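Just below is one structure, and these are the notes that go with it.
The values are calculated or read from the model by the stated rules, or taken from the named source; none is laboratory data. On a predicted model such as this, the values are computed, not experimentally measured, just so you know. FYI the Cβ positions are ideal-geometry reconstructions off the backbone, even for glycines, and counts take in every protein chain you see.
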Amino acid sequence: MFTDCSSSTTSRLIHLNSLNGAFLPRPCFGQLSLRTTASTWRCTLSIRSSSSPSAIVINGKAEAKNIRDDIKIEVSRMKESIGVVPGLAVILVGKNKESATYVRNKKKACDSVGIKSFEVHLAEDSSEEEVLKSVSGFNDDPSVHGILVQLPLPSHMDEQSILNAVSIEKDVDGFHPLNIGGLAMRGREPLFLPCTPKGCIELLHRYKIDIIGKRAVVLGRSNIVGMPAALLLQREDATVTIIHSRTINPEEITRQADIIIAAVGQPNMVRGSWIKPGAVVIDVGIKRVEDPSAAHGYRWVGDVCYEEASKVASAITPVPGGVGPMTIAMLLSNTFTSAKRFHNFQ
Ligand code: GUN
């Protein structure tokens, strides 16, 4: 299952392709033929020659390393000149394996640049008050400059009241309503930008992809990625459309986009036929899917059918190695920015 794009979950969004000086638009090759089965869409790519164009691969892993290297230098300069070490506190509740992996990776990344990490791991059946107590402790701790409550939280907790409790000056996730409000309003500046959308835009900037005046489509409207990504693109002067589960004709709308950010968590949902030749594709999705032919019996799959999309797009992020490492790099960047702000360090 999911060893290619032919058995994706496209059917959930059944109604669901210019660019800029950076890349030349790609000609449109091969039509896709779609044939539906009871529960899946099947896709057969018409035969291409081996000279089919392929997109530039946006290397998030390499860019994230560059960013970490810069932060490491700056963190050590801060320590040497004012004796301050930036600190990030992570609160993990429950035993969601993916969350535990993310938290482990965040800690490793902090260690790699010299940011001190603090971690509280609470049991699945902890009370909301226990989480609020941890948040409050970190709000009051001067050695902590950033606080992250790993999401999702167990269903018995009120995510909203917990996120509201994080001091906005330490809200390195950028999820506090005052930070999101600052992102949404013209003339306001949020203290922090949410890490995944910030990482997506950073990749566009680093690859010199024009955003101003471009048509951008964001697939997904989650508080963590889709919604703030759309707000950020709008701040960058793109013309933005959000596609969600109730959107009629998502495929047709997506095909008009110069820039696509896919953040729906549906493996291989965005097919090559959805993409305008020459568009730039940023794939935020990452799901582990079984694949007996893979070395470990599974592989990571994004929201975009990479084999197809990379033949149509001018640039595309891979999964893994695209947006994921950038998210963590942006978290380190936000934490360092916070420490600089607290200590008025230039
Ligand atoms: N869960 C998945 N992504 C994120 C993120 O960026 N921040 C937090 N706090 N939780 C998440």
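Might you let me know whether region 161-172 holds any residue that is in a strand (DSSP E or B) and of a type outside the set (S, T, N, Q)? Scanning region 161-172 turns up no residue that is in a strand (DSSP E or B) and of a type outside the set (S, T, N, Q). Within region 316-339, residues that are within 17 Å of Asn179 (Cα to Cα) sit with their Cβ atoms under 6 Å from residues that are within 13 Å of the ligand (Cβ to nearest atom) and assigned to a helix (DSSP H, G or I), at 6+ positions apart or across chains, in these pairs: Met330/Cys195; Met330/Lys198; Met330/Gly199; Leu331/Cys195. Scanning region 158-167 for residues that are under 12 Å from Ser134 (Cβ atoms) and more than 13 Å from the ligand (Cβ to nearest atom) gives a single hit, Ala165.
When region 84-113 is filtered for residues that are under 14 Å from Lys340 (Cβ atoms) and assigned to a loop (DSSP other than H, G, I, E, B), the ones remaining, listed by number, are Val84, Val85, Pro86. Among residues of region 55-106 being of a type in the set (Ser, Thr, Tyr) and under 30 Å from Ala309 (Cβ atoms), the one that is farthest from the ligand (Cβ to nearest atom) is Thr101. Checked against the criterion of being buried (at least 20 other Cβ atoms within 10 Å of the Cβ), within 15 Å of the ligand (Cβ to nearest atom) and under 26 Å from Arg221 (Cα atoms), region 135-144 contains not a single residue that satisfies it.
The helices (runs of 4 or more DSSP H) located wholly in region 173-252 that include 1 or more residues which are hydroxyl-bearing (Ser, Thr, Tyr), within 16 Å of the ligand (Cβ to nearest atom) and at pLDDT 95 or above occupy 195-206. Elements of the type strands (runs of 3 or more DSSP E) sitting completely within region 263-321 and holding at least 2 residues that are within 14 Å of Leu219 (Cβ to Cβ): these cover 280-283. Is it the case, given these coordinates, that Val172 is more than 30 Å from Gly278 (Cα to Cα) and buried (at least 17 other Cβ atoms within 10 Å of the Cβ)? Judged against the criteria, Val172 is a match. Of the candidates Arg42, Arg26, the single residue that is among the basic types (Lys, Arg), within 24 Å of Ala294 (Cβ to Cβ), touching a helix residue (DSSP H, G or I) at 6+ places or on another chain (Cβ under 8 Å) and at pLDDT below 50 is Arg42. Can you find even one residue in region 307-318 that is on the phi > 0 side of the Ramachandran plot and either β-branched (Val, Ile, Thr) or modelled with pLDDT of 95 or more (or both)? No, that holds for no residue. Scanning region 253-266 for residues that are away from the ligand (no atom under 15 Å from the Cβ) and either closer than 27 Å to Asn179 by Cβ or not acidic (Asp, Glu) (or both) gives Ile253, Thr254, Arg255, Gln256, Ala257, Ile259, Ile260, Ala262, Gln266.
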